[in-house]
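Please read the structure below before turning to the comments.
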Amino acid sequence: MIDSVKSFLGWFFVTGDPMIYGADASIALVSIGIVAVLTYFKKWKWLWNEWLTTVDHKKIGIMYIIAALLMLFRGGMDALMMRAQLTLPNMHFLDAEHYNQVFTTHGTIMIIFVAMPFIFGLMNIAVPLQIGARDVAYPFLNALSFWLFFFGAMLFNLSFVIGGSPDAGWSSYAPYAGAEMNPGVGQNYYLIGVQISGIGSLATGINFLVTILKMRAPGMTLFKMPMFTWSILITSVIVVFAFPAFTVALALMTIDRLFGAHFFTIAAGGSPMLWANLFWFWGHPEVYIVLLPVFGIFSEVIATFAHKTLFGYAVMVWSMVAISVLSFITWLHHFFTMGNTAPVNAFFSISTMLIAIPTGVKIFNWLFTLNKGRIQFTTPMLWALAFIPNFTIGGVTGVMLAMAPADYQYHNSYFLVAHFHSTLIAGTVFGIFCGLHYWWPKMFGYMLDEVKGKWSFWIFMISFNICFMPMYFLGLMGMTRRMYTYPAGLGWTPINVVMSIGAAGMGIGFALMAYNIVWSAVRGKKDTTGDPWNGRTLEWATASPAAEYNFAHIPEIKSRDAFAAMKEARAAGHAETVPPYKAIHMPNNTGIPVIMSAFMFIAGFGFVFEWYWMGIPGLIGVVACMIARSFVYDDHHYIPVEKVKQTEAATGRLS
Amino acid sequence: MTDATLSLHEKDRSQMPIEYSTEEGDLRIVGFWIFLAAELVLFGTLFGTYLVLQSHTAGGPTAKDLFEIGPVMAETIVLLVSSFTCGLSTIELRRHNKRGLIGWLLVTILLGLVFVGLEVNEFYTYAVHEGAPLSRSAFLSGFFVLLGTHGCHVSLGIVWIIGILLQLGKRGITPVTARKAFMAGLYWHFLDVVWIFIFTAVYLTGWVI
């Protein structure tokens, strides 16, 4: 009996590596610490009422960003472990299997649990404010999206200490990811954790598409929308049409592994290449799901700190539309070398190169926006300015990779790894850091410290180049990705050492940013005006942080850069007539999203271990929550006029 | 969310059908159309997968060996008729006839249940009697998952409509219940359209090829 318990525990928990035991201990300690602090300060009720059950888009946005920052920390630790292993030849810091797990979780976490939720967080905070709305179209669904992402991420991360991590790369290629070559629960964690959070992403796409199409303030036609809102509108369309394909791909592989189907096995007629097609049919649009929103952020930030209206507004919009269409017809360039016919490779080669045109147009428009502007070098502006050249390098090497015959040389080398880090770090990561500093006062009512912000920017940006510029050359020298060690004498060692120094520098830059967040929380400059940057768009027209209802009066929009126009009108002495306040109708908080997602987590955990006694009741719980929701009719309340007046008076906005 | 929250575009809704008579109803219906667009991609991916794998029978039974015209026609007719009765329910909804609406929705889900029963029987026949379960070949994996996904959607639709029937019984036809009944109708017709594609892409090509 005791022996069987022991052997179960030995199989259930990941054992044998001192680093894992350290992680076990730290996870346990942090969990105990959180519970103890919440209990000691009697904060459980506060946590439940103010955060876990909230449907307020601003709070949901903050929760997305906190979760994404934590995941960024974990993904970054994975990266540092890989760099530590590769610094010198013949290292034994990680063994081959452990290294495979680390690069798999690094990629999956960075794309699915950092980039997407960070962007979802920023768009939750900014988009409803930018269009002058009081919330998103479906506040309940919005909360559900967040909790699905959160529990999906938790399930995926659990693999690290319980059962074992996935090790087939973030793209989880068949047949290696199949049951035959990859027994155990690791791949199940990947498939089900990502699936749960992907359902949330699809719901977010639908939610923001409808919000932007239907809930803009009066007068705000599509072509008067802020550019960030435009980028989210287009991104939402991509999400709606790309994510279902991924849902299917993940489900098919899950069915392969759990129920013995043959979609992607070689035996019994399955097609491993079908996986590559389905994965990248989502995977390439996914690249633009995490890039277009940061294009939007940079457009806002560059216009704000150049103190000019954005150059070429309509062209900016149409180039994003062009990118979104092209993003669906380039997926095959991820596997040029997999044995397609020449005409097929030629088609995808050309469609890929075409994307450089609208992207290049955007780069020039940002440059022309800067031209003759009064440029103010704030922290968000520094991130935006650094983006332009660094991202362009990623774009140009992308065109090199797009040439199918040449790709046979670059494929799966560090040249490719350097390329996609140039786009994803210099694009997405710079963008989310830029947006974080830019909208931070709107989220919390105080600024992040500029001096520390600039230090963290310079350290991170320079280290990024130290890490990834040499990587291109390393790739051309023949080092391939995903190799866990290499022999001495190939000439790779000096470059690897330099890259590891760069990686450590990025870690320091990020740590400094984390320190800045903590420091500013205590001593940060308060933003009493609601408009610390002299902003141009509507989110700056309301208080920082915005009241629950966002705007006491829904603004009327007459032109682009609506808030800049309002400020000009005010300066010119045009009196505004302010109608009396009205009671404001708002959605109620609800516990159903978090409970439903917790059931999803239970179901997911059951299916990971093929424990159907646990998985099926979990799913029944999910359906029960859906039914319970359907019967809720009393889901809104009014904020009385008095309360609105009090809130407005507290921020000095009573007119 | 009925009035001041979201109502940014003042619109005269007095002439509109009851399900569109509030801002919230309008928003939800638009969102549901977009959800259906996403479902279209989901089924499109499954169809693509099935068509790729259709000939990959790995020496096992082929489409021609398995498919029988009788049960398939029965499923098709039952589902198409249910779509018709679902349409009748929407007409009764527009006429504010609660009894008619509930009656036709009941007929619709009964037909839905018959369809699911026939489909389960078809699956059982293949998997147990014909030795053609999902794990036999890639073709059968594609077949069972495509049709199974559709069948799960129909089953979930039945549960959903039962919930709406209970609410209709309790509250009558209000803007909220009307919106729910209307959306369930959209969903049901969508599943019918998917079935037409299944009939064509799976069964017809299966008999011919």
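The values are calculated or read from the model by the stated rules, or taken from the named source; none is laboratory data. Keep in mind the model is a prediction, meaning the values are calculated, not measured. Here Cβ is always computed from backbone atoms with ideal geometry, including for glycine, and neighbour counts include all displayed protein chains.
A few points about this structure:
- Meets criteria (aliphatic (A, V, I, L, M) and more than 25 Å from A:Tyr138 (Cβ to Cβ)) for A:Val5: yes
- Of the helices (runs of 4 or more DSSP H) contained entirely in region A:412-514, those carrying at least 1 residues that are touching a Gly at 6+ places or on another chain (Cβ under 8 Å), closer than 30 Å to A:Thr542 by Cβ and of a type outside the set (Ser, Thr, Tyr) fall at A:430-444, A:450-476.
- Top-ranked residue of region A:207-220 - restricted to ones that are assigned to a helix (DSSP H, G or I) and touching a residue at least 60 places away in the same chain (Cβ under 8 Å), ranked as surrounded by the fewest Cβ atoms within 10 Å (Cβ to Cβ): A:Lys214
- Residue satisfying condition, being outside any helix (DSSP H, G or I) and either at positive phi or not basic (Lys, Arg) (or both), within set A:Thr265, A:Thr254, A:Thr247: A:Thr265
- Any chance A:Phe241 is in a helix (DSSP H, G or I), at the interface with another protein chain (Cβ under 7 Å from one of its Cβ atoms), surrounded by fewer than 24 Cβ atoms within 10 Å (Cβ to Cβ) and among the aromatic types (Phe, Trp, Tyr): yes
- Here A:Met110, A:Met154 are screened, and the one residue that is in contact (Cβ under 8 Å) with a residue 40 or more places away in the chain, of a type in the set (A, V, I, L, M), within 13 Å of A:Ala68 (Cα to Cα) and surrounded by fewer than 21 Cβ atoms within 10 Å (Cβ to Cβ) is A:Met154.
- Among the residues here, A:Val325 qualifies as out of contact with any helix residue (DSSP H, G or I) (no Cβ under 9 Å at 6 or more places or on another chain) and modelled with pLDDT of 95 or more.
Condition check ((1) without any contact (Cβ under 8 Å) to a residue 40 or more places away in the chain; (2) buried (at least 16 other Cβ atoms within 10 Å of the Cβ); (3) within 14 Å of another protein chain (Cβ to nearest Cβ); (4) touching a helix residue (DSSP H, G or I) at 6+ places or on another chain (Cβ under 7 Å)) across all residues:
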| position | (1), (2), (3), (4) |
| --- | --- |
| B:Phe35 | yes, yes, yes, yes |
| B:Thr49 | no, yes, yes, yes |
| B:Pro61 | no, yes, yes, no |
| B:Ile77 | yes, no, no, no |
| B:Thr85 | yes, yes, no, yes |
| B:Thr90 | no, yes, no, yes |
| B:Arg95 | yes, no, no, no |
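- None of A:Asp78, A:Asp24 is in contact with a strand residue (DSSP E or B) (Cβ under 9 Å, 6 or more places away or on another chain) and assigned to a helix (DSSP H, G or I) except A:Asp24.
- Region B:3-33 - residue that is more than 7 Å from chain A (Cβ to nearest Cβ), part of a helix (DSSP H, G or I) and under 22 Å from A:Ile557 (Cβ atoms) and, of those, modelled with the lowest pLDDT: B:Glu23
- Any hit, region A:384-403, residues being outside any helix (DSSP H, G or I), closer than 30 Å to A:Ile66 by Cα and at pLDDT 95 or above: no
- Set A:Gly186, A:Gly219, A:Gly260: member being closer than 30 Å to A:Trp540 by Cα and over 18 Å from the mean Cα position of the chain (by Cα): A:Gly219
- Any hit, region A:175-186, residues being under 30 Å from A:Pro380 (Cα atoms) and more than 14 Å from chain B (Cβ to nearest Cβ): no
- Unmet criterion (only one of (1) in a helix (DSSP H, G or I); (2) within 11 Å of another protein chain (Cβ to nearest Cβ)) for B:Arg136: (1)
- Any hit, region A:62-75, residues being more than 12 Å from the chain's Cα centre (by Cα), without any contact (Cβ under 8 Å) to a residue 60 or more places away in the chain and crowded, with 20+ Cβ neighbours inside 10 Å: yes
So that you can scan it fast, the table gives a plain yes or no per residue for (1) closer than 30 Å to A:Thr542 by Cα; (2) within 14 Å of chain B (Cβ to nearest Cβ); (3) buried (at least 20 other Cβ atoms within 10 Å of the Cβ):
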residue: A:Ala96; (1), (2), (3): no, no, no
residue: A:Tyr99; (1), (2), (3): no, no, yes
residue: A:Met116; (1), (2), (3): yes, no, yes
residue: A:Ala126; (1), (2), (3): yes, no, yes
residue: A:Val136; (1), (2), (3): yes, yes, yes
residue: A:Phe146; (1), (2), (3): yes, no, yes
residue: A:Phe149; (1), (2), (3): yes, no, yes
residue: A:Gly169; (1), (2), (3): no, no, no
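- Tally of residues being more than 14 Å from every other protein chain (Cβ to nearest Cβ) and either surrounded by fewer than 16 Cβ atoms within 10 Å (Cβ to Cβ) or in a loop (DSSP other than H, G, I, E, B) (or both) across region B:103-133: 12
- Candidates A:Thr341, A:Thr304, A:Thr337, A:Thr330 - the one that is closer than 28 Å to A:Tyr408 by Cα and buried (at least 23 other Cβ atoms within 10 Å of the Cβ): A:Thr330
- Just one of (1) more than 11 Å from chain B (Cβ to nearest Cβ); (2) under 18 Å from the mean Cα position of the chain (by Cα) fails for A:Leu191. It is (2).
- Residue that is surrounded by the most Cβ atoms within 10 Å (Cβ to Cβ), among those in region A:587-620 that are of a type in the set (Gly, Ala, Ser) and over 16 Å from A:Thr254 (Cα atoms): A:Ser597
- Meets criteria (more than 21 Å from A:Ser145 (Cβ to Cβ), of a type outside the set (A, V, I, L, M) and crowded, with 24+ Cβ neighbours inside 10 Å) for A:Ser231: no
- Pairs, first more than 10 Å from every other protein chain (Cβ to nearest Cβ) in region A:252-270, second β-branched (Val, Ile, Thr) and crowded, with 24+ Cβ neighbours inside 10 Å, C-beta under 7 Å, six or more apart: A:Thr254/A:Ile192
- Residue in region A:1-15 that is modelled with pLDDT of 95 or more and either in a loop (DSSP other than H, G, I, E, B) or more than 30 Å from A:Phe468 (Cβ to Cβ) (or both) present: no
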